[in-house]
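As structure tokens, the structure follows; a few thoughts come after it.
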Amino acid sequence: MTAFSLEPGHVTWCEELRTLADGRLRPLAERGEPGRVNRPLLAELGALGLLARLFTSGALDLCLMRESLAHSCTEAETALALQGLGAHPVHAHGTEPQRAHWLPRVADGSAVAAFALTEPDAGSDAAALSLRAARDAGARAGAEGPEAGAAPAPLTAAPDGTSAWRLTGEKCWISNAPEADFYTVFARTTPGAGARGVTAFLVPADRPGLTGTPLDMLSPHPIGALAFDAVPVTAADVLGVPDRGFRVAMDTLNLFRPSVGAFAVGMAQAALDAALAHTGARDAFGGKLRDLQAVSHQVAEMALRTEAARLMVYAAATAYDTGAPDVPKRAAMAKLLATETAQYVVDRAVQLHGARALRRGHLLEHLYREVRAPRVYEGASEVQRGIIAKELYRTQQPTEEAGA
């Protein structure tokens, strides 16, 4: 398989996913309450085997799932994606007991996962996290943290079985909060160490001291804030290695950023399809709208950008699956191009439809609300440009300046 074409089996599978989304998932989504976790929808995603595929498929399959579902039912796409985002750190970095307890329940839709990275003062600058993991009394020695560049000291629960740390602080803009059953939480275990002093924890929602508040957002999926008031965690809750949790976060984002682009491509294709149907049928100025060059050229531009974004998403996913060394750059490029493209295509489709597209319940009114957030979450467009530039300069071969 190349990065620029799909096997026939993939094409057939995508068509089947669109049919499932339209016939079985959209009715459940329409019965859900905006801003709340739709557990019947999750259960159906589990029954169809789609949630289980989050842990057995590669990046390209994830992109194909997200693109296909987004074309027909954005709510189903987002429900699936959030399960994957919250649970991937457990799948990739969790212990066997953590995986055995949570992953089967995520796969059947009975447990809701959430990825808790962002804070009120640490969004794009994720290494500036301030949620504090303070050592509890009786925890193993070494509270001052490791020397710069040294391996982190082993951290265990106190001898009496109580927690090794207490989490204190806030998280904000967390998808699926406060209704998730468990959270992948990133906390500061070594003050002043930047990205090297962050640890990832698996925190069940019923831990004492953990509370949450829903936020009323433009997007219809659930988003909330979390408050940690000395929430106890132990060594058994650590995902990966203490003080190396930033790697857990970046590994997860490198996988999911291209698939955010796939979500955007699915929305762009839905908007393009709507524009083609409308301009081909709408009578205007003695003919059809499509007969106006100003209209047909806009539609051509929408199609061009959508296909370019799709190819870049597939290329980034293929790079991830083959272990290419430039995954961070490709993932950032894919997310950036696809989300900016989707914003453009949906906006153009609204313009071509006129006022009818702004009416509540219209497909494009729904997409117009949905398409804005992906340019912000999992790294804003400006952050993606920074990542791309950093990777370009990092791999540049040293050369003498001209005339030196």
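The values are calculated or read from the model by the stated rules, or taken from the named source; none is laboratory data. Computed from a prediction, not measured in an experiment: that's the story for all the values here. All Cβ positions, glycine included, derive from the backbone under ideal geometry; neighbour counts span all protein chains shown.
Pick from Asp108, Asp121: which is farther than 19 Å from Asn254 by Cβ, more than 12 Å from the chain's Cα centre (by Cα) and at pLDDT 95 or above?
Values: Asp121 fails: at pLDDT 95 or above.
Selected residue: Asp108, the only one of Asp108, Asp121 that is farther than 19 Å from Asn254 by Cβ, more than 12 Å from the chain's Cα centre (by Cα) and at pLDDT 95 or above.
In the list Met302, Met312, which residue meets the criterion of being out of contact with any strand residue (DSSP E or B) (no Cβ under 7 Å at 6 or more places or on another chain), under 17 Å from Asn254 (Cα atoms), assigned by TED's automatic domain parsing to the domain that holds Tyr344 and crowded, with 16+ Cβ neighbours inside 10 Å?
Numbers: Met302 fails: under 17 Å from Asn254 (Cα atoms).
After ruling out the rest, the residue left standing is Met312.
What helices (runs of 4 or more DSSP H) completely inside the stretch 290-392 contain at least 3 residues that are closer than 26 Å to Ile223 by Cα? Can you show your working first?
On the way: elements: 293-321, 327-353, 363-370.
Hits in the stretch 290-392: 327-353, 363-370.
Based on what the data block shows, is Ala81 touching a helix residue (DSSP H, G or I) at 6+ places or on another chain (Cβ under 8 Å), closer than 23 Å to Phe182 by Cβ and assigned to a helix (DSSP H, G or I)?
Judged against the criteria, Ala81 is a match.
If I ask for residues that are modelled with pLDDT under 90 and within 14 Å of the chain's Cα centre (by Cα), which ones from the stretch 377-402 would you list?
Matches in the stretch 377-402: Tyr377, Glu378, Gly379.
Go through (1) in the same structural domain as Asn176 (by TED's automatic domain parsing); (2) out of contact with any Lys or Arg (no Cβ under 6 Å at 6 or more places or on another chain); (3) not basic (Lys, Arg) for Phe256 and report which single condition fails.
With (1) in the same structural domain as Asn176 (by TED's automatic domain parsing); (2) out of contact with any Lys or Arg (no Cβ under 6 Å at 6 or more places or on another chain); (3) not basic (Lys, Arg) applied to Phe256, the lone miss is (1).
Any idea which of Ala111, Ala70 is touching a residue at least 12 places away in the same chain (Cβ under 8 Å), part of a helix (DSSP H, G or I) and not polar (S, T, N, Q)?
Answer to the check: Ala70.
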